[in-house]
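Written below as structure tokens is the structure these notes are about.
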Amino acid sequence: MSDLKAKFLEVYSVLKSELLNDPAFEFTDDSRQWLDRMLDYNVPGGKLNRGLSVVDSYKLLKEGRELTSDETFLACALGWCIEWLQAYFLVMDDIMDGSHTRRGQPCWFRLPKVGMIAANDGIILRNHIPRILKNHFRGKPYYVDLLDLFNEVEFQTASGQMIDLITTLVGEKDLSKYSLPLHRRIVQYKTAYYSFYLPVACALLMSGENLDNHIDVKEILIEMGIYFQVQDDYLDCYGDPEVIGKIGTDIEDFKCSWMVVKALEVCNEEQKKLLHENYGKQDPACVAKVKELYEALKIQDVFLEYERKSYEKLNKGIEAHPSKAVQAVLKSFLSKIYKRQK
């Protein structure tokens with residue numbers, strides 16, 4: 001794995017160098033330095049799971065055949081396109097949410113001399129994706145499909161973000177809006193498409209597959225993405241901050257979390273009143289009351305049952321797929337997230 005990550009990071013350096021010398025723009029020293037710093041700060045900092053998944057998935061689709069150096073490079077380049085997309089989403093999200101930290105350092109827009117220039121940096125990050133695709137995939141038969149895929153997934157993610165944002169409008173905190181279908185919808189569009197479907201779709205296109213023939217794969221990956229986010233919501237409340245690397249704030253932030261949606265489903269009128277009075281407040285005493293209510297309603301047990309059923313259902317769907325190679329890709333995704341602690 002460390003070999004793959006090292007190779008992956010090498011490809012980042014190549015792509016960055018191409019972008020810093022893009023012939024479509026006349027760079028000054030200042031603009032090139034800005035871009036160099038902005039990319040290093042925002043693109044390679046995370047766990048790189050999404051990008052590395054493209055390479056892993058492509059390898060599995062090749063059923064153990066050793067990849068050529070060209071294939072490895074192209075799979076890495078596609079993986080980086082997803083990491084660029086993720087960087088663009090995060091830079092924009094942090095501005096919208098007024099966040100302070102990201103990946104253990106200040107958000108890009110919080111840095112001195114950056115501020116709202118970050119909004120334009122986000123647009124530049126987004127525009128780098130077609131530049132990378134043009135540089136390396138223009139001669140490929142699946143080039144147009146790749147462009148189409150990235151456009152489609154970006155639209156879905158931005159639309160998911162819109163539902164999330166308008167559901168929690170400041171001054172309009174109304175828990176009665178929150179329901180399981182709404183939670184599912186936000187998660188499906190905001191997270192599942194770009195985090196789960198996109199890496200596999202990139203690998204399928206590279207393998208010469210037509211995505212229209214893999215609707216069942218898309219559905220399984222979307223389900224997996226929803227299961228992943230439910231785990232996230234659970235870990236936000238019950239995860240160990242030392243392990244997950246952050247202190248959960250879904251309760252304070254009035255998030256449409258799976259936890260609160262489940263609590264609303266099973267609580268009585270008095271408990272509902274308590275939720276309405278305490279959810280979305282910054283006061284630690286209010287947060288504690290919400291967590292006590294989760295305990296009383298045994299939401300942890302509800303989650304464990306949901307996890308068991310989801311795992312069974314996903315496995316069943318995977319086993320039913322006719323291609324052993326595609327099964328291997330889906331199983332590798334599921335094994336990475338099942339019963340995760342962070």
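The values are calculated or read from the model by the stated rules, or taken from the named source; none is laboratory data. The structure presented is a predicted model; accordingly, all values stated were derived computationally and were not measured. Cβ atoms come from the backbone with ideal geometry, glycine included; neighbour counts cover every protein chain shown. Just the protein is used for accessible areas: all its heavy atoms, side chains included, with ligands, DNA and RNA removed. Shrake-Rupley method; radii C 1.70, N 1.55, O 1.52, S 1.80 Å.
Things to note:
- Computed [θ] at 222 nm, helices only, for the chain once each DSSP H run of length n ≥ 4 contributes -39500 (n - 2.57): -22500 deg cm²/dmol
- Mean Cβ neighbour count within 10 Å, used as a protection proxy, ranking 35-41, 101-107 highest first: 35-41, 101-107
- C-alpha long axis of helix 269-278 to longest principal axis of the chain, angle in °: 60
- Degrees, to the nearest 10: 2-20 long Cα axis against longest axis of the chain: 70
- Cα long-axis angle, helix 117-137 against the chain (0 to 90 degrees, to the nearest 10): 50
- Distant-in-sequence amide contacts of residue 102, defined by a placed amide H-H separation under 5 Å and a gap of 5 or more residues or a different chain, comprise 107.
- Normalised contact order of the stretch 1-139, rounded percent, pairs of Cα under 8 Å and 6 or more residues apart: 25
- For the stretch 163-284: rounded, prolate or oblate by the Cα gyration tensor [a/c cutoff 1.5]: prolate
- For the stretch 10-61, the list of GluC sites (Glu not before Pro) that fall in a loop by DSSP and count at most 16 other C-beta atoms within 10 angstrom reads 26.
- In order through the stretch 81-91: 3J(HN,Hα) via Karplus (6.51 cos²θ - 1.76 cosθ + 1.60), integer Hz, x for Gly, Pro: 4, 6, 5, 5, 4, 4, 4, 4, 4, 5, 4
- Normalised per residue, the accessible area of the chain is 50 Å², obtained with a 1.4 Å probe and no contribution from ligands, DNA or RNA.
- The chain, accessible surface, carbon-and-sulfur percent (1.4 angstrom probe): 53
- Check: the chain dipole with +1 on Lys, Arg Cβ and -1 on Asp, Glu Cβ, in debye: 400
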